[in-house]
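Below is one structure, written out as C-alpha cells; the observations come after it.
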Amino acid sequence: MIRIIAGGKKHASWLKEACDEYEKRLRKPWAIEWQFVDEDKLDERVARLKPDDFMVLLDENGKIMASPELSQSLAGPLENGRDVVILIGGAFGHFSPDILARANVIWSLSKLVFPHQICRLIVTEQIYRAQEIYLGHAYHHA
C-alpha cells in the first residue's frame, strides 16, 4: 500500500478527476490512499507512522530520479511488505528537521518548483508509471 499524506486541503475538483484517471489503473500493492492534514500538523502525523514505514519526502532540494529509479525505490519496500508513505507539503512545502531526518528518500520532482496541487498529480502519474515499469508493461517508453 502507498499512502500519500498531503498538507493542505483536499483535491480541487479538476485535480481529483485527473488523479482518479491514474489511480483507477493502480493495483495492489501500488494502490494509493490519500490522507489530507493541515500543514502545521504534518509533524504530528509523521510521528504516528510505524517504524518500518518507508517514507518518501517531496522536497525541492531532494534527489531528482529517473522514472525507473523511482520504480525500484518504491518496489523494494513494497516487495518486502512495507507500506510506502509519500509526504507532500502544503503551499509552503517546508518540513521540520525531524521530518527530514525520518525520511528514507528525499525526492525532488524537478529543479522547478510546482504548486502542491500540481505535485499531487505528478506524483500520482509517476506512481502509475513506476507500477508499469515494475510490471514490464509498455506505458513507459525509455
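Among the residues of segment 86-98, what is the count of those that are closer than 20 Å to residue 109 by Cβ and touching a helix residue (DSSP H, G or I) at 6+ places or on another chain (Cβ under 8 Å)?
Here is the first cut: in segment 86-98, the ones closer than 20 Å to residue 109 by Cβ are 86-95.
Now narrow it down to the ones that are touching a helix residue (DSSP H, G or I) at 6+ places or on another chain (Cβ under 8 Å): 86-93, 95.
Matching residues across segment 86-98 total 9.
When segment 1-41 is examined, which residues are found to be of a type in the set (D, E, K, R) and either in contact with a strand residue (DSSP E or B) (Cβ under 8 Å, 6 or more places away or on another chain) or closer than 19 Å to residue 96 by Cβ (or both)?
Correct list: 3, 9, 10, 23, 33, 38, 39, 40, 41.
How many residues, within segment 91-110, are surrounded by 19 or more Cβ atoms within 10 Å (Cβ to Cβ) and of a type in the set (Gly, Ala, Ser)?
Number satisfying all stated conditions: 1.
Could you go through segment 58-73 and let me know if any residue there is of a type in the set (A, V, I, L, M, F, W, C), modelled with pLDDT under 95 and not in a loop (DSSP other than H, G, I, E, B).
Yes, the conditions are met somewhere in segment 58-73.
Tell me whether segment 83-103 contains one or more residues that are modelled with pLDDT of 90 or more, part of a loop (DSSP other than H, G, I, E, B) and over 15 Å from residue 66 (Cβ atoms).
Looking for residues that are modelled with pLDDT of 90 or more, part of a loop (DSSP other than H, G, I, E, B) and over 15 Å from residue 66 (Cβ atoms), one finds at least one in segment 83-103, hence yes.
Would you call residue 35 surrounded by fewer than 16 Cβ atoms within 10 Å (Cβ to Cβ), in contact (Cβ under 8 Å) with a residue 12 or more places away in the chain, under 12 Å from the mean Cα position of the chain (by Cα) and not in a loop (DSSP other than H, G, I, E, B)?
So residue 35 fits the description; yes.
Going residue by residue through segment 85-101, is there one that turns out to be closer than 17 Å to residue 7 by Cα, among the polar types (S, T, N, Q) and either in contact (Cβ under 8 Å) with a residue 60 or more places away in the chain or out of contact with any Gly (no Cβ under 7 Å at 6 or more places or on another chain) (or both)?
There is at least one residue in segment 85-101 that is closer than 17 Å to residue 7 by Cα, among the polar types (S, T, N, Q) and either in contact (Cβ under 8 Å) with a residue 60 or more places away in the chain or out of contact with any Gly (no Cβ under 7 Å at 6 or more places or on another chain) (or both).
Against the conditions (1) at pLDDT 95 or above; (2) out of contact with any Phe, Trp or Tyr (no Cβ under 9 Å at 6 or more places or on another chain); (3) over 21 Å from residue 121 (Cα atoms); (4) not aromatic (Phe, Trp, Tyr), where does residue 55 fall short? Just the number, please.
(3)
Restricting to segment 2-30, name every residue that is among the hydrophobic types (A, V, I, L, M, F, W, C) and surrounded by 14 or more Cβ atoms within 10 Å (Cβ to Cβ).
2, 4, 5, 6, 15, 18, 19, 26, 30
Does segment 10-32 hold any residues that are in contact with a helix residue (DSSP H, G or I) (Cβ under 7 Å, 6 or more places away or on another chain), without any contact (Cβ under 8 Å) to a residue 60 or more places away in the chain and of a type in the set (D, E, K, R), and which are they?
The answer is none; no residue qualifies.
The values are calculated or read from the model by the stated rules, or taken from the named source; none is laboratory data. Everything numeric in this text was worked out from a predicted model, so none of it was measured. With ideal geometry, Cβ positions are generated from the backbone for all residues, glycine too; neighbour counts draw on all protein chains shown.
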